[in-house]
Amino acid sequence: MQNDLSAFWMPFTANRQFKSAPRMFVSAEDMHYRTSDHKQVLDGTAGLWCCNAGHKRPKITAAIQAQAEELDYAPAFQIGHPKAFELATKLRDMAPEPFEHVFYTNSGSESVETALKMALAYHRARGEGQRTRLIGRERGYHGVNFGGISVGGIPNNRRMFGSLLTGVDHLPSTHLPDQNRFVKGQPEHGAELADELEKIIALHGAETIAAVIVEPVAGSTGVLIPPKGYLERLRKITTKHGILLIFDEVITGFGRLGAPFAADYFGVMPDLITTAKGLTNGVIPMGAVLATGAIHDAFMTGPDHLIELFHGYTYSGNPMASAAGLATLETYEEEKLFERAASLSAYWEKALHSMADLPHVIDIRNIGLIGAIELAPIPGEPTKRAFNAFLKAFEKGVLIRTTGDIIALSPPLIIQESQIDQIVDVLSGIFKELD
Ligand code: PXG
């Protein structure tokens with residue numbers, strides 16, 4: 001049957017281009033998608049950075065099926081169901097030590113809004129309600145809701161949408177292409193960029209600032225890896241001034257760097273962590289904000305029968321999502337996938353950097369199982385060269401993501417070395433062919 005594509009207004013998609021030559025996935029298993037014209041496509045991006053355990057994983061599929069039979073939905077407010085508590089406990093056990101509490105959302109964007117609201121309300125609850133400013137960073141991506149695009153630093157995501165939140169300021173991006181190029185892992189230069197926070201604090205007064213939010217590794221804007229010492233300095237400055245530090249770990253959470261969270265990997269503890277994506281292997285929408293005991297406890301005052309935080313979603317801790325989350329975390333543990341990511345990262349690094357001398361390649365960056373290959377833009381036609389690479393890679397059976405003229409890679413943590421080779425072979429061939 002001919003499928004009418006016109007009704008569905010697709011997100012973050014060139015709708016007219018897509019609908020003139022659609023690319024459709026109809027099934028998936030482990031490392032591969034299958035297209036509507038029966039082609040296998042190797043998943044170089046874990047869907048959208050979310051299917052960390054690969055696709056159609058038996059335990060997750062079975063858990064969802066069983067949950068649908070048992071309890072499809074339970075009200076999220078004033079009533080519970082066991083799996084939401086079980087998953088929260090498991091998450092707490094997996095998270096770094098200061099994180100004792102879990103607030104459920106349905107996406108990364110909602111986790112960001114939740115964390116920002118928690119930060120504001122935390123200060124207010126402690127009698128510091130004048131701390132209303134939020135600090136983000138240039139080239140930051142924190143989802144697409146109003147708080148997230150306000151603290152985010154992507155012009156296209158902001159400019160069409162009005163005046164956004166007031167009282168927001170931005171740190172400079174950590175990307176220093178002139179000093180850090182073809183760096184393996186964390187760059188040497190740029191820790192001092194964290195000191196820009198001191199200038200922002202001096203400008204506004206520390207007592208007006210509620211929180212700083214950053215991605216420990218910026219994913220969406222092309223894999224920007226924190227310079228050595230940068231996150232440590234941000235932590236030091238925020239602590240000194242009583243400002244909360246939020247790590248947006250929507251991409252870096254759940255093993256992407258070879259540790260449960262980037263906070264573990266870098267050994268820097270924020271006050272709030274936002275998550276989503278890998279929490280349920282992308283199978284059912286779910287996000288979570290991890291909060292320290294100190295933040296949670298600041299709300300636990302007043303009469304017992306009153307709601308402490310006026311925030312939450314109809315689907316917070318949804319039974320189906322909770323079941324998927326539990327089965328996902330069990331799959332990560334049973335298959336030791338975070339350890340696997342850590343041990344594969346050296347092979348990954350070497351494979352990626354083998355493309356350094358190919359045509360058009362102007363930078364390569366990597367950390368954990370994340371990689372980026374930056375291409376020189378076609379003069380006057382930015383983004384086109386990388387998008388052409390995406391189209392060609394798809395034709396050759398490899399799924400990649402592009403942002404600007406940067407190719408971003410983030411395969412499922414079950415990837416084999418031979419499949420890393422396949423990605424590099426296909427991309428190398430394409431770079432030689434590209435205009
Ligand atoms: N924070 C971060 C750091 C993210 O990367 C979000 C929040 C928002 O999550 P939701 O679930 O609301 O989409 C994200 C999402 C890409 C890409 O190709 C990245 C994201 C989403 C889609 C595509 O880089 N990140």
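Every number here is computed from the coordinates shown, using simple stated rules; none is lab data. It should be emphasised that the depicted structure is a prediction, and the values quoted were computed from it without experimental measurement. We place every Cβ from the backbone using ideal geometry, glycine too, and count neighbours over all the protein chains shown.
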*Relative contact order for the chain: what is it in percent, counting Cα pairs under 8 Å that are at least 6 residues apart?*
22
*Taking 7 Å along the Cα-to-C-beta vector as the label spot, tell me the Glu333-Glu86 distance in nanometres, rounded to one decimal.*
1.1
*³J(HN,Hα) across the stretch 392-401 via Karplus (A = 6.51, B = -1.76, C = 1.60, θ = phi - 60°), whole Hz, x for Gly/Pro?*
5, 5, 4, 4, 8, x, 9, 8, 10, 10
*Taking Cα centroids, how far is the stretch 315-338 from the stretch 63-139 in Å?*
15
*Per DSSP H run of at least 4 residues, take -39500 (n - 2.57); add these up for the chain, divide by its residues and hand me the 222 nm value, nearest 500 deg cm²/dmol.*
-11000 deg cm²/dmol
_the chain, dipole about Cα centre (Lys/Arg Cβ +1, Asp/Glu Cβ -1), debye to the nearest 20_ = 820
*Where Lys and Arg each count +1 and Asp and Glu each count -1, what net charge lies around Gln17 among other residues with Cβ under 13 Å from its Cβ?*
+4
*Between Asn52, Asn281, Asn15, find the one with the highest GNM mean-square fluctuation for the chain; connect C-alpha pairs within less than 10 Å.*
Asn15
_Sequence-distant residues sharing a close amide H with Thr105 (under 5 Å, placed H)_ = Gly287, Ala288, Val289, Gly317
*When you count, for each residue, the other Cβ atoms within 10 Å and take the mean per peptide, how do 225-237, 360-372 rank with the highest first?*
360-372, 225-237
*Using R₀ = 45 Å, calculate the FRET efficiency as 1/(1 + (r/R₀)^6) where r is the Cβ-Cβ separation of Phe18 and Arg181; round to 0.05.*
0.85
_For the stretch 315-326, 3J(HN,Hα) per residue [Karplus equation, 6.51 cos²θ - 1.76 cosθ + 1.60, θ = phi - 60°, Hz, x = Gly/Pro]_ = 9, 4, x, 3, x, 5, 5, 4, 4, 5, x, 4
*Counting Lys and Arg as +1 and Asp and Glu as -1, each charge on the Cβ, what is the dipole of the stretch 28-123 about the Cα centre in debye, to the nearest 20?*
140
_Among Glu100, Glu86, Glu381, which one shows the highest mean-square fluctuation when the chain is modelled as a Gaussian network with alpha-carbon springs under 10 Å?_
Glu381
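Rounded to two decimals, what is Rg over Rh for the chain when you use alpha-carbon atoms and the Kirkwood radius?
0.96
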*asked:* I'd like to know which of Val223, Ala53, Thr403 lies farthest towards the positive end of the charge dipole of the chain, counting +1 on Cβ of Lys and Arg and -1 on Cβ of Asp and Glu.
replied: Thr403
*Integer Hz, Karplus 6.51/-1.76/1.60 couplings in order for the stretch 218-226, x for Gly and Pro*: 6, x, 4, 8, x, 6, 10, 8, x
*Using alpha carbon centroids, what distance separates the stretch 147-165 and the stretch 358-435, in Å?*
28
*Can you give the FRET efficiency for Lys117 and Ser354, using 1/(1 + (r/R0)^6), R0 = 56 Å, r = Cβ-Cβ distance, to the nearest 0.05?*
0.80
*Counting only DSSP beta bridges with both residues in the chain, tell me the antiparallel percent, nearest 5.*
65
*So which of Lys59/Lys336; Lys39/Lys392; Lys90/Lys117 end up more than 19 Å apart, counting from Cα to Cα?*
Lys90/Lys117
*Highest GNM mean-square fluctuation, the chain, Cα pairs closer than 10 Å: which of Leu413, Leu391, Leu279?*
Leu391
_Compute the distance from the alpha-carbon center of the stretch 210-230 to that of the stretch 266-311, in whole Å._
20
*Dipole axis of the stretch 61-334 (+1 Lys, Arg; -1 Asp, Glu on Cβ), positive-most option in Val283, Tyr122, Gly147*: Gly147
*Antiparallel bridge percentage (DSSP; both residues within the stretch 219-371; nearest 5)*: 65
